[in-house]
Each structure stands twice: as structure tokens, then as C-alpha cells.
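J.: Would you mind keeping the following structure in view while I ask a few things?
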Amino acid sequence: HQEMAAKLQQLVDAGIPVWVIPGECDVNNTAAKSYAGGTTKSTTYINSSEFASIYANMGYNAAIERDANSLSYTCEPLPGLILIAIDDNMSKQRDSNKSTAANGLSSATTSWIYAKADEAAAQGKQVIAMMHHQLVDHIDQQNSLMANAFVNNASTLRSYFLGHGIRLVLTGHMHFTDATR
């Protein structure tokens, strides 16, 4: 994480804003590895507080508000545009219980997201979101072939996100560039 944050800091230093959220392997990953050349070895892992500290300049310091129950936050990257950065990995729950499922949103975090989206809409601002896991298929039959790529309750979240004015969600789990609706 420290090496990645240093690389991202170069973008920040060049005036390019960066916003970070954790993926499913980024926080409390007891199987964390380091890679040097062809050598792989076990390494230390970080908790949610350490993640937010390491990536402080990549969203967390610019946060308007942070969710008390996750690593989610809101910021306003442009006037009139609210970004809801969603930790869909239950990272803070995993701080105390490593067996907690890594893929999902607590009801408290879900409520927080909806409240932030509604608050932005009431102020006449546009809302976009980003999260690690997907809400929709990006390839044919993906849900049946790669169910772990989706956030838990994806179909319900899609409906609720639309109902709360979230019309664009950026995701990264599949590691390829694609747009779908």
C-alpha cells in the first residue's frame, strides 16, 4: 500500500486528483503477499484506519463526510458534483471479525449512502458513485459465471441507487475498461 500510495501521490503532486476506495483484498487480508521479481512472500496487512491514513491524500483528506461504519466518504471533486466513494467490502466490520464477508454493504452504510445522495439532490447537485464490486453484468452471463464480481444484493442496490439519483457508478473489480447500463 505504501508503494502504491507513493505512485498515486505523483499524480496528486502533478495536480491530478485521485480518489481511492478499498478492494476486497486491500484491508485485513490475512493472505497478503509481497512480490519482488519472481519471489512471493507473506507480508503484513493493514486495517481500515491504516488504509485511510496511507491514502489520506487520495480522497480521505478531501472528504466532506465519512461514514462511521465503513471506509466510504463523500467529496465534491467539481462544484455541483458529489462523489460517493463506497467501501463495499465491510472493511471496518472485518477489523474485529476477519471472517466477515468481504463483499457487501451494512444496512447502516446503505442508509448513509442514500442520505448523502438525497442531501446532494436537495442542494441541486449531481451525484456519482464508485465502489469496487459491480452492480450490473459487463459480459454475457457474467452473474452466473462470476457471481463474486457483484456486490451482494446488486439488483436491490441498483433500484435504490436509481431511486436516490445515483445514475453513474464506477467499479473496478474486473480490472478492464467497459461501460454498460
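The values are calculated or read from the model by the stated rules, or taken from the named source; none is laboratory data. None of these values were measured; they are calculated from a predicted model. Because the Cβ atoms are built from the backbone with ideal geometry, glycine has one as well, and the counts that use them run over all protein chains shown. Side chains included, ligands, DNA and RNA excluded: accessible areas come from the protein's heavy atoms. Shrake-Rupley method; radii C 1.70, N 1.55, O 1.52, S 1.80 Å.
J.: So MET130 ticks every box in (1) in a strand (DSSP E or B); (2) crowded, with 20+ Cβ neighbours inside 10 Å but one. Which box is left unticked?
T.: So MET130 meets the others, but not (2).
J.: Of the residues that make up the stretch 39-54, is at least one assigned to a strand (DSSP E or B), over 20 Å from GLN134 (Cβ atoms) and open to solvent by less than 20 Å² (accessible area, probe 1.4 Å)?
T.: For the stretch 39-54, residues assigned to a strand (DSSP E or B), over 20 Å from GLN134 (Cβ atoms) and open to solvent by less than 20 Å² (accessible area, probe 1.4 Å): absent.
J.: Test each condition in (1) modelled with pLDDT under 90; (2) open to solvent by 30 Å² or more (accessible area, probe 1.4 Å); (3) more than 21 Å from ALA5 (Cβ to Cβ) for GLY104 and report the one that comes out false.
T.: The one condition GLY104 does not meet is (2).
J.: Quick check on VAL12: is it in contact (Cβ under 8 Å) with a residue 40 or more places away in the chain, under 15 Å from the mean Cα position of the chain (by Cα) and surrounded by 11 or more Cβ atoms within 10 Å (Cβ to Cβ)?
T.: When the stated conditions are applied, VAL12 does not pass them.
J.: Can I ask one more? Is there a residue in the stretch 62-81 that is open to solvent by less than 80 Å² (accessible area, probe 1.4 Å), touching a Ser or Thr at 6+ places or on another chain (Cβ under 8 Å), modelled with pLDDT of 95 or more and small (Gly, Ala, Ser)?
T.: There is at least one residue in the stretch 62-81 that is open to solvent by less than 80 Å² (accessible area, probe 1.4 Å), touching a Ser or Thr at 6+ places or on another chain (Cβ under 8 Å), modelled with pLDDT of 95 or more and small (Gly, Ala, Ser).
J.: Give me the residue from the stretch 133-170 that is of a type in the set (Val, Ile, Thr) and modelled with pLDDT of 85 or more and, out of that set, least open to solvent (accessible area, probe 1.4 Å).
T.: ILE166
J.: Evaluate the following for SER48: is it in contact with a Leu (Cβ under 6 Å, 6 or more places away or on another chain) and of a type in the set (Ser, Thr, Tyr)?
T.: yes
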